[in-house]
Structure formats: C-alpha cells, structure tokens
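Trainee: Starting off with a structure, shown below.
The values are calculated or read from the model by the stated rules, or taken from the named source; none is laboratory data. What you are looking at is a predicted structure, and each value in this text was computed from that prediction instead of being measured. Positions of Cβ are generated from backbone atoms using ideal geometry, with glycine treated the same way; all protein chains shown enter the neighbour counts. Heavy atoms of the whole protein, side chains included, go into the accessibility calculation; ligands, DNA and RNA do not. Shrake-Rupley method; radii C 1.70, N 1.55, O 1.52, S 1.80 Å.
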Amino acid sequence: MQGYARAKLFEKAAKIRDQIFALNRVLERQKLVYTKKVDQDLFSIYMESTVAAINLFVIREGKLIGKENFVLENTKQIPAKEIMESFLPRYYLDAGSLPREIVLPAEINELELGDLLKMRSDELHLKNRIKIQAVLRGPKLKLLELGRENAKQHLEAASDKKLLEEARLLSALKELQRVLDLKNLPGRI
C-alpha cells in the first residue's frame with residue numbers, strides 16, 4: 001500500500017487499504033467465541049472408513065487463538081470414544097498450555113486422562129481442576145459441529161494432496177519408462 005502511495009498510484013493504494021480493513025474486520029469477528037473469559041479446548045472428530053481426523057479449537061479468554069488438525073490412520077471400526085481416549089493423553093503429554101475445560105463430542109473414560117492432567121497441572125503450577133465435558137446440545141455443540149466440518153475438510157484436502165503426489169509419481173515413472181525405453185513401469189530404482 002505504501003509502495004503504491006509513494007509511486008503516486010493512489011487508487012491501487014486505496015484498494016489495498018480497503019482490503020486490509022475488510023480482512024481485519026473479518027478476523028476480529030471470527031476470533032471472539034464467548035463474551036466471557038473462557039479457557040477451553042474443543043475436540044471434534046470426523047471418521048471415514050480407515051481414517052479419522054481430529055480438529056482442535058483452542059479458546060483462551062473467550063477468543064479462538066488456534067486451530068489444529070490431526071489425521072489418524074488405521075482406525076477401522078474403532079469407535080470415536082476409543083479414538084479420543086487414546087488420542088487425548090498423547091496430546092496433553094506434550095501440550096504447552098492447559099485449558100480449564102476440555103469439550104468433547106462424546107463421553108470418555110476419564111481415568112487415564114484425568115491422572116495425566118492432574119500431573120501436568122502440578123508441573124505448570126495451575127490451581128484449578130480441569131473439567132472434561134461431553135456436549136450434546138447448546139452453543140458448544142455448534143462449535144463441535146463446526147470443528148467436525150473442519151476435520152472433514154482437512155481430511156479431504158490431505159487425501160487430494162496424496163492423490164496429486166501419486167499422480168505426479170506415476171507421471172514421472174511413465175516419463176522414465178519412455179526415456180529409458182522400458183517395457184514396464186519401473187518398480188524399483
């Protein structure tokens with residue numbers, strides 16, 4: 001914007017200024033999740049035949065400060081409850097910060113996770129006990145549904161990327177076959 005202004009291209013500078021203002025307005029609206037100062041980690045899960053994707057919304061002081069997606073393979077016929085029971089302790093073992101509340105799409109056996117969270121709370125000198133809650137209705141459910149949709153989109157994007165990489169590899173192998181005048185596609189190099 002400033003470069004355009006220095007070059008006396010004021011219309012282009014104004015257009016970029018307006019785009020910056022519009023982006024900032026959109027980002028501000030998206031960041032505020034709660035009017036109260038709530039610290040939560042919201043986990044959603046989307047499952048396909050042998051793959052699951054987990055979406056995490058990190059909310060601190062009522063604002064969405066981060067989003068992460070995780071892809072878990074070989075989850076064939078494992079219920080979402082068991083996937084979450086296995087995933088959460090591994091996640092919180094290395095997590096940099098802990099929320100006051102963990103929101104999940106389904107009830108889990110909290111024993112292992114509860115012990116780990118207590119140990120990590122003591123390490124980080126946190127006073128409050130961390131609440132683990134499964135949500136079935138209300139505004140938190142809408143956030144979980146949004147997270148599930150994000151997980152689905154992330155999984156689809158990862159699948160598309162994998163297919164693109166496979167297509168590039170096949171194309172390279174066909175080119176190698178042509179250049180080396182091979183009968184079959186090379187299987188090993």
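Trainee: Please go through region 120-157 and pick out each residue that is of a type in the set (A, V, I, L, M, F, W, C) and farther than 17 Å from V58 by Cα.
Mentor: Correct list: L124, L126, L136, L155, A157.
Trainee: Quick test for you: out of L117, L164, L169, pick the one residue that is at pLDDT 90 or above, in a helix (DSSP H, G or I) and not β-branched (V, I, T).
Mentor: On inspection, the qualifying residue turns out to be L117.
Trainee: Can I ask one more? All but one of (1) over 16 Å from N55 (Cα atoms); (2) in contact with a strand residue (DSSP E or B) (Cβ under 6 Å, 6 or more places away or on another chain); (3) open to solvent by less than 50 Å² (accessible area, probe 1.4 Å); (4) of a type outside the set (F, W, Y) hold for K131; which doesn't?
Mentor: All conditions are met except number (3).
Trainee: Hey, another quick one. Find the residue count for region 157-170, including only residues that are open to solvent by less than 80 Å² (accessible area, probe 1.4 Å) and not polar (S, T, N, Q).
Mentor: Selection size over region 157-170: 4.
Trainee: Quick one: in region 58-114, of everything that is part of a loop (DSSP other than H, G, I, E, B) and open to solvent by less than 30 Å² (accessible area, probe 1.4 Å), which residue is nearest to Q40 (Cα to Cα)?
Mentor: P99
Trainee: Looking at region 38-53, is at least one residue part of a strand (DSSP E or B), surrounded by fewer than 20 Cβ atoms within 10 Å (Cβ to Cβ) and in contact (Cβ under 8 Å) with a residue 60 or more places away in the chain?
Mentor: Checking region 38-53: at least one residue is part of a strand (DSSP E or B), surrounded by fewer than 20 Cβ atoms within 10 Å (Cβ to Cβ) and in contact (Cβ under 8 Å) with a residue 60 or more places away in the chain.
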